[in-house]
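Peer 1: Questions regarding the structure given below will be posed in turn.
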Amino acid sequence: MLVDYVEHVAENSPNVKLVEYGLTPEGRPLLLAFISTPGNLAQLEEIRQNNLRHTGLLEGEPDSSLTRAIAWLSFGVHGNEAGASEASMSALYELARTDNKDAQSWLGNTIVILDPCINPDGFSRYTEWYRRYAPIKPTPEHDTYEHDEPWPGGRVNHYLFDLNRDWAWQTQVETRSRIKVYHEWMPHIHVDFHEQYPNDHYYFAPAAAPFHSYITDWQSEFQYDIGRNHAGYFDQEGWLYFTREVFDLFYPSYGDTYPTFNGAIGMTHEQAGHSVAGRAYELENGDTLTLLDRIQHHTATALSTVEVASENAARLAENFQAYFNQANNNPVGKYKTFIIRGDNPEGRLRAFRDILDKNSIQYGEAGAPSSVWAYNYQSGQEENVFVAASDLIISAYQPMSVLAQVLMEPEPELEDTLTYDITAWALPYAYGLAAYASSQRINPVMPYEAVPYSSQLDPGQVPYAYLADWSSMADARFLAALLQAGVKARFANASFAIEGREYEPGALVFTQADNRKMGVSRFNEIMTATARKFEQAIHPVSTGFSDIGFDLGSSSLQFIETPRVAVLTGEDTDANSYGEVWHFFEHSLGYPLFPIAPDKLNGIEFSDYNVLIMPEGAYTIDETAMESLQEWISRGGRLIAIGAALSALEGQEGFSLSRYATEEEEQVAKEADEKISLDRRLDTYAGQARRYVSQSIPGALFKLQLDTTHPLAYGLDSYYSLKTSSSFYQLIKDTWNVGYIGENPEVIGFAGSNALIHTKNTAVFAVQDKGAGAAIYLVDNPLFRGFWENGKFLFSNALFFAGQ
């Protein structure tokens, strides 16, 4: 119905041009309405190109006669915040109708880009449920069913991802489609329309601290201009609002920060409402909040934003161009060059180049060897670094300078610890790359010339075996495809060398002997065709006799049992976590999985599966189901439990999982907590928020001590774990503590002082062997938001190797 209305307006208004920029996973259209005068719409492409000349993304001098203010209005990134997308129709109507003289005046020098629904799948999930179950007459009473949206809720998209955390990472097709168009336009203002809980009134800019240090004075001050204009309309109507609280500008992947780091005035607007509000909701003051109220408030700020943009069109264009002049010629930030070593595994480099391309970040090669003083991401130290000619170089002297620095800087400067989200995210840590950051300038040779895939494989050749390295998600996808094709595989449990080439633990070995049943020609055909499809380097060998180490018939080559994967889903599971697992299998790995409800554990045929994944959640597993689970593991099943799911296994017979390894350790911790409680008896009421954050870890990176001899860590040089909670387990007894935090935690980002104490000597990733199977404990979620590439690779180790 929303699409029908937007299409109707576009067909009947000379002020609107409608563009479909993509499709959701469920096939719903993603739309942009370009709103302006007929004259501007006739020159839309010329205006777009002219704006890009202001940034340096397109060569040439801007033409002042084509300069327009460009304001992008995004509605409904969270589908169950329905007032946002409902308001998009009202805002579109007011801007499109020719008898609205104010709007027509604004559009004379302004292009409005309106996205009526960023998240159509989530919006449809919520609204279809609501329309199916809500009574004809709204019931504002809180306990009625229309205020109790069922799992997984419409906030998230098809894969249950929060699209408002995905702007920079672009794991979802909706985001990738939108950012592609965003970078083709580069608006001056971007507003992200949301809803919050019903009694929270309306929030608009200016934003709360912390501000990222790279946000300019102009970007900060213009938020005040817009906020004051909004306030004038709200004051006139007597509507309640607040500013400069809660919603900060730090984490780079929001709908306000990402545009900000792309030179825009990026803002979040939050209306009271949310899914709990339905069409009417009784407030704490006895008044009733209606859907109409929510629409009116969002419409008012949308129109106010366009008004301010129009009145300040010249200032916007001038400061926008100044922003990019500085980016290209005198970039902010300590580091002027980021160096990614060219000898990193090609699979990791390919994934890294992909995220740079998605964000329009320019890069090239060093071109010639040199030496610079630089920060080493892995050691955390400044040192003299040799730069090879083939190293990948990201220069801060480019249009996307600020965005590149924000995504690459080792540790962002946090001005206030009361932040809304994770506080560290540097891409070299996420992608497991050997990398450096230097304050010296290196001009890259562009474009970057990736080494083209070249296959010397002969389908007619009959090798003794094929071998492949194991170092990235590219290798995991290759293995997943071969297993599905029926190829039998093994992995190395130690290093070895054969026919003049060395292989590290985790290396994949595919022998003719293991695949005799499918026939030699079929085996060779599958291996060579799959290698070409995935551009995977594989190495045929003519003998099983090694140069160094074990031979190819040794028990040091572990047979890989093809995973048959079940994953728990439903109300007990965290929707985001289940979605991360789901998306990982379908899009990152390309491998089937079988979702089952936790209450079916008693009745499922465990023999149908050999891997069971428990996403984060709050599970209640009864005694009978727990006994079945234990027996299944003992017979060879492998359980992978993520994050909060571990609490369901904690203290259960047969699992070694406990917060403390000994009673003595538990007593010491209790005494420390008791001392803190005693010391706080005279704490002031006003300081409670900051005292709370001292016990929390909103999102920080911890460098792990890693046992790279264990299959769970194969292919990993190092690992920085993104810890998003203060949950901990001291080193677990009778278990392989593969990745853990030592006595002196190495942390990047903010971790509360009291929470940090509890992280000492705690397990992060562990494997407990149980009979023929294993329980794999992932205390930190390696699939969090789907962007931690090294985490996805570690999860692949858990799936294919650990506990086999």
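Peer 1: DSSP beta bridges in the chain, what fraction antiparallel, as a percent rounded to 5?
Peer 2: 65
Peer 1: Determine the principal axes of the Cα atoms in segment 164-224, then give the extent along each, sorted from largest to smallest and rounded to whole angstroms.
Peer 2: That works out to 33, 32, 19 Å along the principal axes.
Peer 1: With runs of 4+ DSSP H residues as the only contributors, calculate the mean residue ellipticity of the chain at 222 nm using -39,500 (n - 2.57) per run, divided by the residue total and rounded to the nearest 500.
Peer 2: Using -39500 (n - 2.57) per qualifying helix, the result is -9500 deg cm²/dmol.
Peer 1: Here is a follow-up. For segment 428-511, what's the relative contact order in percent, using C-alpha pairs closer than 8 Å and at least 6 residues apart?
Peer 2: Dividing the mean separation by the residue count of segment 428-511 yields 27 percent.
Peer 1: Could you provide, to the nearest whole Å², the per residue accessible area of segment 630-750 with probe 1.4 Å?
Peer 2: 51
Peer 1: Share of the chain's accessible area from carbon and sulfur, percent, 1.4 Å?
Peer 2: About 48 percent, which is the carbon plus sulfur part of the accessible surface.
Peer 1: On to the next question. Taking the alpha-carbon set of segment 1-71, what are its Rg and Dmax in Å?
Peer 2: 14.8, 43
Peer 1: With Rg and the Kirkwood Rh both taken from Cα atoms, where does Rg over Rh land for segment 60-216?
Peer 2: Here Rg/Rh amounts to 1.02.
Peer 1: Please determine, in degrees from 0 to 90 and to the nearest 10, the orientation of helix 663-679 with respect to the longest principal axis defined by the Cα atoms of the chain, where the helix direction is its Cα long axis.
Peer 2: The answer is roughly 20 degrees.
Peer 1: How large is the direction-averaged shadow of the alpha-carbon convex hull of segment 238-381, in nm²?
Peer 2: For the Cα atoms of segment 238-381, the hull's average projected area reads 14.6 nm².
Peer 1: What is the mean projected area of the alpha carbon convex hull for the chain, to one decimal in square nanometres?
Peer 2: The orientation-averaged projected area of the Cα hull of the chain comes to 37.0 nm².
Peer 1: Give the aspartates and glutamates reachable from LYS770 as a straight Cα distance under 13 Å; neighbours fewer than 8 places away on the same chain don't count.
Peer 2: GLU631, GLU653, ASP734
Peer 1: May I ask for the Kirkwood hydrodynamic radius of segment 1-122, worked out over all distinct Cα pairs and given in angstroms to one decimal?
Peer 2: With all distinct Cα pairs of segment 1-122 included, I get 15.2 Å.
Peer 1: Now a separate question. Could you give the semi-axes, largest first, of the ellipsoid that matches segment 343-447, computed as the square roots of 5 times the alpha carbon gyration tensor eigenvalues and rounded to whole Å? Before the final figure, lay out the partial values.
Peer 2: Details: eigenvalues 103, 53, 39 Å².
The three semi-axes for segment 343-447 are 23, 16, 14 Å.
Peer 1: Continuing with this model, one more query. Kindly work out what percent of the DSSP beta bridges joining two residues of segment 162-295 are antiparallel, to the nearest 5.
Peer 2: 25
Peer 1: Between segment 288-360 and segment 707-732, how many Å separate their Cα centres?
Peer 2: A separation of 34 Å, based on Cα centres.
Peer 1: Looking at segment 17-67, which GluC sites (Glu not before Pro) are DSSP coil and have at most 16 other C-beta atoms within 10 Å of their C-beta?
Peer 2: Counting only loop positions with at most 16 other Cβ atoms within 10 Å, the GluC sites (Glu not before Pro) in segment 17-67 are GLU26, GLU59.
Peer 1: So what's the gap between the Cα centers of segment 190-218 and segment 528-562, to the nearest angstrom?
Peer 2: 54
Peer 1: If you find the alpha carbon centre of segment 44-65 and of segment 465-526, how far apart are they in angstrom?
Peer 2: Cα centroid of segment 44-65 versus Cα centroid of segment 465-526: 51 Å apart.
Peer 1: Follow-up. Please give the net charge around PHE222, taking every other residue with its beta carbon less than 15 angstrom from that of PHE222, where Lys and Arg add +1 and Asp and Glu add -1.
Peer 2: Result for the neighbourhood of PHE222: -4.
Peer 1: For helix 291-311, report the angle its Cα long axis makes with the longest principal axis of the Cα atoms of the chain; keep it between 0 and 90° and round to the nearest 10°.
Peer 2: In the chain, helix 291-311 runs at an angle near 80 degrees to the longest axis.
Peer 1: Here's something else I'd like to know. Greater than 23 Å separation of Cα atoms is the criterion. Which listed pairs, LYS703/LYS760; LYS733/LYS792; LYS488/LYS533, meet it?
Peer 2: Working: LYS703/LYS760 12 Å; LYS733/LYS792 26 Å; LYS488/LYS533 19 Å.
Beyond 23 Å: LYS733/LYS792.
Peer 1: Let me ask something else about it. Out of every Cα-Cα pair in segment 492-544, what percent are more than 18 Å apart?
Peer 2: 40
Peer 1: Sticking with this structure for a sec: Given N residues in segment 196-275, what is its alpha carbon radius of gyration divided by 2.2 N^0.38 Å?
Peer 2: Details: Rg = 12.8 Å, N = 80, 2.2 N^0.38 = 11.6 Å.
Rounded to two decimals, the normalised Rg is 1.10.
Peer 1: Still on this structure, please answer the following. Over segment 1-97, with the other protein chains present, what is the accessible area per residue in square angstrom, probe 1.4 angstrom?
Peer 2: With the other protein chains kept in place, segment 1-97 gives 39 Å² per residue.
Peer 1: In degrees from 0 to 90, rounded to the nearest 10, what is the angle of the helix 44-55 Cα long axis to the longest principal axis of the chain?
Peer 2: 70
The values are calculated or read from the model by the stated rules, or taken from the named source; none is laboratory data. Please read these numbers as outputs of a predicted model, since none were measured by experiment. Cβ: placed from backbone, ideal geometry, glycine included. Neighbour counts: every protein chain shown. SASA here: full protein model, heavy atoms, side chains in, ligands and nucleic acids out. Shrake-Rupley method; radii C 1.70, N 1.55, O 1.52, S 1.80 Å.
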